[in-house]
1. Quick one: which of 357-370, 396-409, 222-235, 110-123 comes out on top by average Cβ neighbours within 10 Å, and what's the full order, highest first?
2. What is the Cα centroid distance between the range 188-210 and the range 430-448, reported in whole angstrom?
3. When the Karplus curve 6.51 cos²θ - 1.76 cosθ + 1.60 is applied with θ = phi - 60°, which whole-Hz ³J(HN,Hα) does each residue of the range 139-144 get, with x for Gly and Pro?
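Readers should treat all values here as calculations from the given coordinates under stated rules, not as data from a laboratory. Just so it is clear, the model here is predicted, and its values are computed rather than measured. When we count neighbours, we look across all protein chains shown, and the Cβ atoms used for this are built from the backbone with ideal geometry, even at glycine.
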Amino acid sequence: MGFINSWKPRSLAAQFVLAGGVVSLLALILVGLFVSRLIEEAVIHNSGAATALYVDSVVAPLLPDMQKEEVLDDASARALDETLGQGALGSRLFSFKLWSRDGTILYSNQKELTGKTFPVNEKLREAFSGVLVARYDIASDPESALEARLGAPLMEIYNPVLQPWSGQAVAVLEFYETADGLAHSLSQARLQSWLAVAGVILTFFLVLWAIVMRGSRTIENQRQLLNARVGELSDMLAENRALQQRLKRASQQAAALNESHLRSIGADLHDGPVQNIAYASLRLDSDVLVDESTSAETREKELSWIRASLADALTEIRNICSGLVLPQVESASVSEIVDRVARAHRQKTDTEIDVKIDDDGGELAAAVKICIYRFVQEALNNAFRHGGGIGQSVVVSARNAHIKVEVSDRGDGFDTANVRPTSLGLVGLRERIDSLGGSFDIRSGENGTTVTMTFEPMDTEDGK
């Protein structure tokens, strides 16, 4: 699969170069071996035929009638010894044998072999059929021990002796020629054949490559044009889908506009003034006011906190009625918003809050800032009311328009499944966050409660 995946992205020209190069190399090897083998066999055969013709013209007149297949008499043997041992033949021929059809050596310049019979090999059998056999190799036959000890390649020639009137082979002349220069001729023939084959295949490959390269460029240009057209169509489809979604949202918002206003007003009243009034109510029931032993100064301080909470509630109610929702929050940064809520909560509840803020100072939509303010305010009030204000902490991360606010406590916790849909606290927070495209999460157990609000960058862009 990895090879297929890496192969697909390549252009047609690159694929042809890789595949064609491999095929051409294999073709070069196979054709080169075949052609060089043919040329080598032709050179050896032609060289052997020339030598055999010369030897036959000199030796044949000295041979008696071979039909009896007998060992040569002394006179014929001496004549052959004198002819083969001197002159041009003496310098070229290493050894000489005359074979009968049954594998008997009728004559040899190695006298110990004369009269001996050896198994008829394939070369000898082929020569008796009337065919000239020529080989260029190191001798390996049983009767060629002397030639094998030389350890060098020799030209081995089997030349049939034919009757003039019938053309039948009555004997076979076997001789080994030193063949000086034949190795060089074979090397040159091999080199020339390999060069010729390589030149033809390379030319053929280059011509095909030029054709494929031209076609590949045409296809690649057409592919780029097609991809550009597809991209334009995709953009148009995306714009159409966006317009459809906007129309759909507009119709839904128009249908739910009145209900949305009512929910918004209810959430603002509950998240703001109700929290201050509830706090004042809790302080009215405290032991500080009913205990006669409480000092006047402490009681006055408690009453001042209650008056301040009620005054804040009254101020927020007036702001809501006049359409002003926390105008001071809209121009503040995330750090200032969270610090303001935490400071107000410390003053009201006299509890500690661990605040950690990571803010890069990026611009946020006003609605998101108000949501952060209300979220932290409501979460801290719930932590104080239901968790006793134990282990309160606020962790804020505002980096690259990614907002995450986490408020937690170490109280007894509660079962989140028991939160009523009509509860304006947590449910109101969830709806407020969902309406802005954020996400709301709450986890509660024996170790406390944690509520989390998250906005992704696309949710926090101003005006979108």
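1. 396-409, 357-370, 110-123, 222-235
2. Computed from Cα coordinates, the inter-centre distance equals 76 Å.
3. Calculated HN-Hα couplings, in order: 4, 9, 6, x, 7, 10 Hz.
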